[in-house]
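Notes follow once the structure below has been shown.
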Amino acid sequence: MIYNNSQDLLLKIRKIMLEKNISIKELAIKMNKTPSSVSSSLKQTNISYNAFKEICDALNVVCDINFSNK
């Protein structure tokens, strides 16, 4: 799938959370952060790679990035 911006990636993270039945509170516990901090991260327009990777790690998923010619 092609994602055009970080908001698309965060939407995918939300879907993964629903599939795994993980709440923001549970994700925050896994990340050793407050629920409000995690909630803010999931609403950002531009999330850093490190923050995105930290969320993926807490969800036990890998983000596989591929580059291809247009």
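The values are calculated or read from the model by the stated rules, or taken from the named source; none is laboratory data. Since the model is a prediction, treat every value here as computed from it, not as a measurement. In this analysis, Cβ positions are derived from the backbone assuming ideal geometry, glycine residues included, and neighbour counts consider all displayed protein chains. With ligands, DNA and RNA removed, areas are computed over all heavy atoms of the protein, side chains included. Shrake-Rupley method; radii C 1.70, N 1.55, O 1.52, S 1.80 Å.
Structure above, values below:
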item	result
Pair list, Cβ under 8 Å, 6 or more apart: region 45-65 residue over 16 Å from Lys15 (Cβ atoms), other residue of a type outside the set (Asp, Glu) and open to solvent by less than 30 Å² (accessible area, probe 1.4 Å)	Thr45/Ser6; Asn46/Ser6; Ala51/Ser41; Glu54/Met31
Tally, over region 41-58, of residues that are at pLDDT 95 or above and out of contact with any Cys (no Cβ under 9 Å at 6 or more places or on another chain)	4
Condition check for Val61: at pLDDT 95 or above, touching a helix residue (DSSP H, G or I) at 6+ places or on another chain (Cβ under 7 Å) and not in a helix (DSSP H, G or I)	yes
Selection count where residues are open to solvent by 60 Å² or more (accessible area, probe 1.4 Å) and either more than 21 Å from Asp64 (Cβ to Cβ) or assigned to a helix (DSSP H, G or I) (or both), scope region 3-34	15
Condition met for Ile22 (without any contact (Cβ under 8 Å) to a residue 40 or more places away in the chain and in contact with a helix residue (DSSP H, G or I) (Cβ under 8 Å, 6 or more places away or on another chain))	yes
Qualifying positions in region 40-65 - under 16 Å from Ile16 (Cβ atoms) and of a type in the set (Ser, Thr, Tyr)	Ser41
